[in-house]
Amino acid sequence: MDRVDRHERVARGPAGIGRLDLLRVGWRLLPMQALLHARGMQSLAFARALAPVAHKLEQDGNSLLSRHLGFFNCNPNFAPMIVGGVIRLEEDRLAGRPVAPADVEYFKRSISSPLAAMGDLLFLGALKPLALTLACLFAIYQSFIGLVATWLLYNLVVLSCRLGGVYFGYAKGWELVDVFSGPAFQRLLGIVQSIGASVGGALVAVVLFRFARDSTSMLGLGAALAAAAVVLLRKDISLSRVAILLFPLSAVVTLLLM
Amino acid sequence: MMAREVVILALLGGLLSADDRAGWGGMLAHPIYSALLVGLLVGQPVPALMVGTALELVWLSALPMRGARRPDVVSGAVVGAATTALLLRETGDARTLLMVATGTAVGLAVGEAGGVVVRTTSRWRDARLSAFDPPADLDSRGLAWRIEGYFFFSLTFHAAVGAVLVAAALPVALATAERLTGVVGEPLVAGAREWLLLLPALGAAALWQTFAHRHLNRFLVLSTMLMLILLWIG
């Protein structure tokens, strides 16, 4: 399908689903984690998102929403693409194309797990640490403009995925599987991780430099604490609790040294 | 501290909790931003931001990964930042670093306790949502309304837990911090300062743990060295 066709498709499909309908679906997906629960995970959120287009996609009194109440679990930033893809498949089914309800369910189940893993890797493993590291750097130097810019940039990416994902998934349909099968995602992930590692390195340098500026003993103590913390993290020990324990300990050590 | 301020901060805590657990994860609920918001509300943005930065650095290792048992960063940051900001404003104490260290310690403790409360109460919310079982003959319109009801229940639940946590913890935290900072002598002030200055080491460790992979090591090490040289020259 060429670019022009795809744009026409998004503007008005065979079931009369327009841009505004997809925007309403995307809007309802923004707070999708509110309905997260152990039994169906994001199943209720999935059905809730489809509500604005349900009347356009139903035939023979068959409730679209009840068919989409099954288990669904994905990264919330990538889930909108699946919802868009499902709307497209449901629309194809309505238009008489050979798409059975079982095919739609197969599409949902087969793509949700890989996208969940990819989304977690990209957002929780790379993009969020990168944004928070940048924010910490700006906060250390008390740059309020930098803090706001980081927040805006991060939200631009997240909202593009959440709102734009529905359009993208709708335009792609089955092709969504091919998009994520290629090397493009790995390349993108590699780039974001490299930037994250570079910014992370800058923050580590700032921390070490501040220790060194304070005193040599502080540098030694800070480096030792960081090394110990890496070991503790590998053993799954909470650094938050370590920090709480260190509070009275540092007071006792200072008292003993004076 | 006026009751009106507790109510405003509790409402902020509720809104941020809803954003953290039900919103699109736009980072506003992260300590660095929530503490800044608290600081702007109380009129002490810089010390509040210092608390938020320290908490963020410690909690960098506790990002909401699947199945992770993390502290309640919202109540921790709101209470910690508010404690520091209110203490500085009310007492006029010039020992800013001590106040920031106390607020950070209070924030860490509230975050840990809040995490337990949130995990425990969330089980009840989860059970309610898991019990969703609409009649088979319900049409899409009826089903949509029923789901909407569950959505508002869940959203309100998250906000209410966050607000109650802040409202309950803030007066206790403030009273404890006031007593603590009122009795400490110079050695303890120095100890608190050292502790606060050492906290970023935990953030550096968390970052190292996040990005230290075979193909990323070179970026991490190179940028560390480059930045160190730049800082040394500057």
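Values in this text are rule-based calculations from the coordinates and carry no lab data. Nothing here was measured: the structure is a model prediction, and the numbers come from that model. We place every Cβ from the backbone using ideal geometry, glycine too, and count neighbours over all the protein chains shown.
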Quick check: the angle from helix B:45-59's long axis to the longest principal axis of chain B, C-alpha only, nearest 10 degrees? 70 degrees
Per-residue mean of other chain beta-carbon atoms within 10 angstrom of the beta-carbon, peptide B:2-12? 0
So how far apart, in nm, are the two label points at A:Gln186 and B:Thr156 if each is 7 Å from Cα heading toward Cβ? 5.0 nm
Which number comes out as Rg/Rh for segment B:102-234 once both Rg and the Kirkwood Rh are worked out on C-alpha atoms? 1.19
Taking Cα pairs under 8 Å and at least six residues apart, what relative contact order does chain B come out at, in percent? 27 percent
Å³ per residue of the Cα convex hull, for the protein assembly as shown? 152 Å³
Compare the Cα positions of B:Gly52, B:Met2, B:Leu88 along the charge dipole of segment B:2-197 (+1 at Cβ of Lys, Arg; -1 at Cβ of Asp, Glu; about the Cα centre) and return the one farthest towards the positive end. B:Gly52
The helix B:73-91 Cα axis meets the longest alpha-carbon principal axis of chain B at an angle in degrees, between 0 and 90 and rounded to 10, of 50 degrees
Cα-centred dipole magnitude for chain A, charges only on beta-carbon of K, R (+1) and D, E (-1), debye, nearest 20: 340 debye
Distance between segment B:183-200 and segment A:76-134 - C-alpha centres, whole angstrom: 49 Å
Expressed as a whole number of Å, what is the distance separating the alpha-carbon centroids of segment B:1-58 and segment B:206-234? 30 Å
List, in order, the whole-Hz ³J(HN,Hα) value for each residue of segment A:233-250 obtained from phi through the Karplus relation with A = 6.51, B = -1.76, C = 1.60 and θ = phi - 60°; use x for Gly and Pro. 5, 5, 8, 6, 9, 5, 6, 5, 5, 4, 4, 5, 5, 5, 4, x, 4, 5
Can you order the peptides B:108-116, B:70-78 by their average number of other Cβ atoms within 10 Å per residue, highest first? B:70-78, B:108-116
Specify the inter-centroid distance of segment A:178-201 and segment A:224-243, based on alpha-carbon positions, in whole Å. 27 Å
With +1 on the Cβ of every Lys and Arg and -1 on the Cβ of every Asp and Glu, the dipole magnitude of segment A:83-169 about its Cα centre, in debye rounded to the nearest 20, is 80 debye
Describe numerically, in nm with one decimal, the distance between label points set 7 Å from Cα along Cα→Cβ at A:Ala227 and at B:Arg123. 4.2 nm
Once Lys and Arg get +1 and Asp and Glu get -1 on their Cβ, which of B:Ala167, B:Ser122, A:Val192 lies farthest toward the positive end of the dipole of the protein assembly as shown? A:Val192
Any idea what the dipole of the protein assembly as shown comes to, in debye rounded to 20, about its Cα centre with Lys/Arg Cβ at +1 and Asp/Glu Cβ at -1? 440 debye
Residues other than B:Ala77 with Cβ under 14 Å of its Cβ, Lys/Arg counted +1 and Asp/Glu -1, net out at -4
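Averaged across A:23-32, how many Cβ atoms of other chains sit within 10 Å of each residue's Cβ atom?
Counting Cβ atoms of other protein chains within 10 Å of each residue's Cβ and averaging gives 2.
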Using Cα pairs closer than 8 Å and at least 6 residues apart in sequence, work out the relative contact order for chain A, in percent. 20 percent
Kindly state, as a whole number, the per residue volume in cubic angstrom of the convex hull around the alpha carbon atoms of segment B:2-197. 119 Å³
Computed E for A:Arg24/A:Asn73 - FRET, C-beta separation, R0 25 angstrom, nearest 0.05: 0.60
Sorted from largest to smallest, which semi-axis lengths in Å does the alpha carbon gyration tensor of segment A:207-258 give for its equivalent ellipsoid, taking the root of 5 times each eigenvalue? 20, 17, 8
Per residue of A:133-140, count partner chain C-beta atoms within 10 Å of its C-beta, then hand back the mean as an integer. 6
Residue by residue through segment B:147-153, which ³J(HN,Hα) values in whole Hz follow from phi under the Karplus form 6.51 cos²θ - 1.76 cosθ + 1.60 (θ = phi - 60°), with glycine and proline marked x? 5, 4, x, 5, 4, 5, 4
What the 5 Å binned alpha carbon P(r) of chain A shows, as percent of pairs per bin from 0, is 1, 5, 10, 14, 14, 12, 10, 8, 7, 6, 5, 4, 2, 1, 1, 0, 0
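So what is the relative contact order of segment B:46-178, in percent, for Cα pairs below 8 Å that sit 6 or more residues apart?
Values: 123 pairs, mean separation 40.9, N = 133.
Dividing the mean separation by the residue count of segment B:46-178 yields 31 percent.
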Using per-residue counts of other Cβ atoms within 10 Å, averaged over each peptide, order A:91-102, B:210-221, B:23-34 from highest down. B:23-34, B:210-221, A:91-102
Rounded to the nearest 500 deg cm²/dmol, what is the calculated helix-only ellipticity per residue at 222 nm for the protein assembly as shown, with -39500 (n - 2.57) per DSSP H run of length n ≥ 4? -25500 deg cm²/dmol
